[in-house]
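K.L.:
Got a structure for you, written out below as structure tokens; questions coming shortly.
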Amino acid sequence: MIEPCLAKAHGPSFQYLRDGRLITAFSFETPYYRGGEVPDLLLPVLTAANLIGSRADLDRDDNEERIVEAITAFFSLPELEMP
């Protein structure tokens with residue numbers, strides 16, 4: 001019997017580009033794996049939010065909200081309302 005292939009749903013990702021260059025990027029599912037020219041650009045805020053590092057706490061239901069809050073704070077963006 002052949003089972004249909006179900007596509008895996010992926011979480012959101014973040015990419016910061018400047019002048020057409022990828023500065024930093026990561027998946028919300030694995031914020032500790034970052035890429036780009038300056039992969040550690042958001043390291044301080046991700047660490048402070050306990051999303052990466054020795055105190056990382058990724059077993060919570062609010063990880064996406066915490067990542068959005070960290071990005072928003074770093075870039076001084078207006079607060080976003082999450083659904």
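K.L.:
Based solely on its DSSP helices, what 222 nm [θ] is calculated for the chain when runs of n ≥ 4 H residues each add -39,500 (n - 2.57) and the sum is averaged over all residues, nearest 500 deg cm²/dmol? Write down the numbers at each step before the final one.
P.N.:
Values: 2 runs with 18 residues, N = 83.
Per the formula, -6000 deg cm²/dmol.
K.L.:
For Thr30 and Arg55 in one chain, what is 0.36 nm times their gap in residues minus the Cα-Cα distance, to one decimal in nm?
P.N.:
Full extension from Thr30 to Arg55 adds 7.5 nm.
K.L.:
Taking the full set of protein chains and a 1.4 angstrom probe, give the accessible area of Phe74 in square angstrom, rounded to the nearest 10.
P.N.:
Its heavy atoms expose roughly 80 Å² to the probe.
K.L.:
Starting at the first residue of the stretch 31-37, write each ³J(HN,Hα) from the Karplus equation 6.51 cos²θ - 1.76 cosθ + 1.60 with θ = phi - 60°, in whole Hz, x for Gly and Pro.
P.N.:
Using θ = phi - 60°, the values come out as x, 7, 9, 10, x, x, 5 Hz.
K.L.:
Using a 1.4 Å probe over the heavy atoms of the protein chains, calculate the carbon and sulfur portion of the accessible area of the chain as a whole percent.
P.N.:
In the chain, the share of accessible area belonging to carbon and sulfur is 54 percent.
K.L.:
Follow-up question, since we're still on this one. Using Cα atoms only, what is the angle between the long axis of helix 63-74 and the major principal axis of the chain, expressed in degrees (0 to 90) to the nearest 10?
P.N.:
Result, in degrees: 30.
K.L.:
Right, something else. Which translational diffusion coefficient, to the nearest whole µm²/s, is obtained for the stretch 17-83 from the Stokes-Einstein equation, given a Kirkwood hydrodynamic radius over C-alpha pairs, 25 °C and 0.890 mPa s?
P.N.:
Stokes-Einstein gives a translational diffusion coefficient of 197 µm²/s.
The values are calculated or read from the model by the stated rules, or taken from the named source; none is laboratory data. From a predicted model like this one, the values you see are computed outputs, not experimental measurements. Just so you know, the surface numbers come from the protein's heavy atoms only, side chains and all, with ligands and any DNA or RNA stripped out. Shrake-Rupley method; radii C 1.70, N 1.55, O 1.52, S 1.80 Å.
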